[in-house]
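First up is the structure itself, then whatever we jot down about it.
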Amino acid sequence: MTPAVRFVTDPMCSWCWGTTPHFEAAMEVLGDRLSFDIVLGGINVHGTRPVGAYGRERLNVLWDEVTAVTGQYFSHELPDGTVYNSLLPCLAAEAMRDARAAPPFGYTHRLQQRFFAEGVNVNDLDTLLATGEEFDVPRDRLRPLMDSEGVRQRTRWGFETARQYGTNALPSVLVSDDGATFRLFAGGFVDGERLVEDLEAWLAP
């Protein structure tokens, strides 16, 4: 069985957005030797209050830090009324897995881009459905999938599983020799070149 890599990420995770180009680079190099997939980690999934002034200040500091380390761009725009709770976009990403019969890398990364680089509220149903249309998935296809029990169960499983592997900080990298039993391989930001080197060393006999 092909060795497997799982990226623990989230559509609303700042460090995940910073690491996305590095994950993509590793997939480009090792895509023919490894099976890649996403586990959605969840961010503040029980939050209900819009981000206030203090929260915005903290986010601006965080985004500056991520840019300094990764070079990734942040617009520093946060629409009024944004609730920093990634449950809904995670449900949409899992629904896209079913709609396209493939890991939702492109859709998840596009949500990150819309949120962090374009200042669009991705904790918004209309935004999620409109973004799905960019991937040729109609609204009337994506919406029911988001409400399906299978998608909801997988999303909850992802949140729980991410913590079980010790992924206290997102993003993280999980690996499996057999595609079934995973272990934590790296936690936090990982440079793409270093990640490729480490994965190649893991694959070496």
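Structural remarks
- Relative contact order (percent, whole number), the stretch 160-205, Cα cutoff 8 Å, 6+ residue spacing: 29 percent
- Label point distance in nm, Y84-L62, each placed 7 Å from Cα along Cα→Cβ: 0.4 nm
- Extension gain, R183 back to A204 (0.36 nm per residue minus Cα-Cα distance, nm): 5.8 nm
- For a 4.7 Å threshold on C-beta separation, the list of partnerless cysteines in the chain reads C90.
- Close amide-amide hydrogen proximity is noted between I38 and F7, each under 5 Å apart and 5 or more residues distant or on a separate chain (H modeled in the peptide plane; Pro and chain starts excluded).
- The chain - percent relative contact order, Cα under 8 Å, separation 6 or more: 32 percent
- Around the Cα centre of the stretch 1-94, unit charges on the Cβ atoms of Lys, Arg, Asp and Glu (plus for the first two, minus for the last two) sum to a dipole of about 240 debye.
- Between E118 and D32, the C-beta separation translates, for a Förster distance of 30 Å, into a calculated FRET efficiency of about 0.40.
- Projecting the Cα atoms of S86, L195, F23 onto the dipole axis of the chain, where Lys and Arg carry +1 and Asp and Glu carry -1 at the beta carbon, places S86 farthest toward the positive end.
- Computed P(r) (all Cα pairs; the stretch 59-205; 5 Å bins; percent): 2, 8, 15, 18, 19, 18, 13, 6, 2, 0, 0
- Of the trypsin sites (Lys or Arg not before Pro) found in the stretch 31-109, those in coil by DSSP whose Cβ has at most 15 other Cβ atoms within 10 Å are R33.
- The chain - mean residue ellipticity at 222 nm from DSSP helices (-39,500 (n - 2.57) per run, n ≥ 4, rounded to 500): -16000 deg cm²/dmol
Computed from the coordinates by the stated procedures, all read-outs in this text should not be read as laboratory data. Predicted, not measured: the structure shown is a model, and the values here were computed from it. We place every Cβ from the backbone using ideal geometry, glycine too, and count neighbours over all the protein chains shown.
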